[in-house]
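Read through the structure below, which is laid out as structure tokens, and then see the notes.
The values are calculated or read from the model by the stated rules, or taken from the named source; none is laboratory data. As the structure is a computational prediction, the values presented were derived from the model and not from experiment. Cβ coordinates were reconstructed from backbone atoms using ideal geometry, including for glycine residues, and neighbour counts include every protein chain displayed. Keep in mind that these areas ignore ligands, DNA and RNA; they rest on the heavy atoms of the full protein, side chains included. Shrake-Rupley method; radii C 1.70, N 1.55, O 1.52, S 1.80 Å.
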Amino acid sequence: MNDDDLDHIFKALGDPTRRKIIDRLRERPGQSLFEICALFFAENGMALSRQAITQHIDMLQKAGLVRVEWSGRTRIHSLDPGPLREAVDLWLRHHL
Amino acid sequence: MRIYVTSVLVDDQSKALDFYTRVLGFKVKHDIPMGEHRWLTVVSPENPEGTELLLEPSEHPAAKPFKAALVEDGIPATSFQVDDIDSEYERLVSLGVSFTQKPMDAGPVRMVVLDDTCGNLIQLIQMKDN
């Protein structure tokens, strides 16, 4: 993991919507985009656009925090906490 | 003005007939030959005079990419209501139906999303104040 990877991770974490997506995927792994959007609406009473959620998921994927698998022909998203642990070991731990 | 029919675009009408009747439990209302295809509608046995569901051939060239894009993002083509979603989910799983979304609470509803084997995802919901 290099500085660019760390940048992607901390950028991905630097947004409340993306942190919430991480929280929800931890509680309930394996969600379609529709499911992520539905959970957001159910919890917050406000609908984020599908495009907005897609962009957030793209950033989480780029950081390696969200993995995509296929269930039939549906994209299913799950959390991969591996890069978070690496980021802790590589940098954050020095300051804890 | 009344809504008497609504449709899902199915890849194969015969396959759809089997899935929507034998698996989901709807009853055939009309099955009228129309050249290569059929005017094929089903109704809920709980409401046989209610709105019909037309199992419409998805032969238009625009239909396939449209359907594929919805399926990729997990978006249902339409939605049906049940009284007890958890028992319906168990029943359908035992019949081999695959789900992209297991039972989940979302505000006033509890929902699942299943694959109709004809190119669509279908949402089932239960109103939670039932």
Could you give me the residue pairs with C-beta distances under 6 Å whose first residue belongs to region B:56-75 and is within 12 Å of chain A (Cβ to nearest Cβ), whose second residue is of a type in the set (Gly, Ala, Ser) and open to solvent by less than 30 Å² (accessible area, probe 1.4 Å) wherever it lies, and which are 6+ apart or on separate chains? B:Lys67/B:Gly119; B:Gly74/A:Ser32
Note on B:Val71: of the conditions (1) open to solvent by 80 Å² or more (accessible area, probe 1.4 Å); (2) in contact with a strand residue (DSSP E or B) (Cβ under 7 Å, 6 or more places away or on another chain), unmet is (1)
Looking only at region A:1-12, which residues are surrounded by fewer than 17 Cβ atoms within 10 Å (Cβ to Cβ) and of a type in the set (A, V, I, L, M)? A:Met1
Residues that are free of Cβ contacts under 8 Å to residues at least 40 places away in the same chain, of a type outside the set (A, V, I, L, M, F, W, C) and within 14 Å of chain B (Cβ to nearest Cβ), drawn from region A:4-47: A:Arg24, A:Glu27, A:Arg28, A:Glu35, A:Glu43, A:Asn44, A:Gly45
Give me the strands (runs of 3 or more DSSP E) completely within region B:19-97, filtered to those with at least 1 residues that are touching a helix residue (DSSP H, G or I) at 6+ places or on another chain (Cβ under 6 Å), ordered by residue number. B:37-43, B:52-57
Can you tell me which residues in region B:94-109 are facing chain A (nearest Cβ under 9 Å), touching a Phe, Trp or Tyr at 6+ places or on another chain (Cβ under 8 Å) and open to solvent by 20 Å² or more (accessible area, probe 1.4 Å)? B:Phe99, B:Lys102, B:Gly107
Which of (1) farther than 23 Å from B:Leu70 by Cα; (2) crowded, with 19+ Cβ neighbours inside 10 Å; (3) not β-branched (Val, Ile, Thr) does A:Leu33 not meet, given it meets every other one? (1)
